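The values are calculated or read from the model by the stated rules, or taken from the named source; none is laboratory data. Everything quoted here is computed from the prediction, not taken from an experiment. Here the Cβ positions follow ideal geometry from the backbone for every residue, glycine too, while neighbour counts run over all protein chains shown.
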Amino acid sequence: MVDMSNKGELIKKRVELQNKKESVASDISDLKSKKERLEKAKQSAEQIKDDYQNQKNSYNNVEISESNWKGERRKDNDEKKEDLDDAIKQYGDKYKDIIDKFNDDISKLSKDISSLEDKLDGINNSIKALDQEIENA
C-alpha cells in the first residue's frame, strides 16, 4: 500500500520547487534584458567615442604657421589651444570611463546570469528526482 501522506509531501515539495524554478527563470530573463540594454547603451557610447576620435584627429591635423601668429597673439592662441586640448582630453576620458563602467556592469550581469542558470539546473534536477520519487511512491 502506498503511503499517501508521503506522496502528498513529495508533491508539495515539487510544487514549491516549481514555483522557485519560475521565480529564478523570471530573474534570469530580467537580468538578460538588463544586460541587453546595457550592451546597446555601450554600443552607443562606443559610437560617440569613435566620432569623438575622428573629430579629434581632424582637430589635431590643424596647424597654424608661425608666420600667421606671432608675439602676444600667438601666446594667447597657444594658451587657448592648451585649454581646448585639456577639455577635449577630458571628454575622451569621460567616454572611456563610461565604456569601462558598462563593461564592468555587463561582466557582473553575465556572472549573475550564469549563477542563476546553475541554480535553475539544480532546481530542475531536484524536480526530476522528485518526479521519480513520486512515481515510485
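Brief remarks on what is shown
- When the range 115-126 is limited to residues that are surrounded by 12 or more Cβ atoms within 10 Å (Cβ to Cβ) and polar (S, T, N, Q), the one that is nearest to the chain's Cα centre (by Cα) turns out to be 115.
- Every condition in (1) of a type in the set (A, V, I, L, M, F, W, C); (2) at pLDDT below 95; (3) part of a helix (DSSP H, G or I) is met by residue 64 except one, and the failing one is (3).
- Here is the figure for the range 1-35: residues that are assigned to a helix (DSSP H, G or I) and in contact (Cβ under 8 Å) with a residue 60 or more places away in the chain total 18.
- Filter pass, residue 38 being surrounded by 11 or more Cβ atoms within 10 Å (Cβ to Cβ), within 30 Å of residue 9 (Cα to Cα) and touching a residue at least 12 places away in the same chain (Cβ under 8 Å): no
- The combined condition, being at pLDDT below 90, in a helix (DSSP H, G or I), over 30 Å from residue 36 (Cα atoms) and touching a Phe, Trp or Tyr at 6+ places or on another chain (Cβ under 7 Å), is not fulfilled by residue 57.
- Residues being more than 24 Å from the chain's Cα centre (by Cα) and exposed (fewer than 12 other Cβ atoms within 10 Å of the Cβ) - total across the range 17-35: 1
- Meets criteria (within 17 Å of residue 31 (Cα to Cα) and modelled with pLDDT of 95 or more) for residue 119: yes
- Among the candidates 87, 129, residue that is exposed (fewer than 11 other Cβ atoms within 10 Å of the Cβ) and either free of Cβ contacts under 8 Å to residues at least 60 places away in the same chain or of a type in the set (Gly, Ala, Ser) (or both): 87
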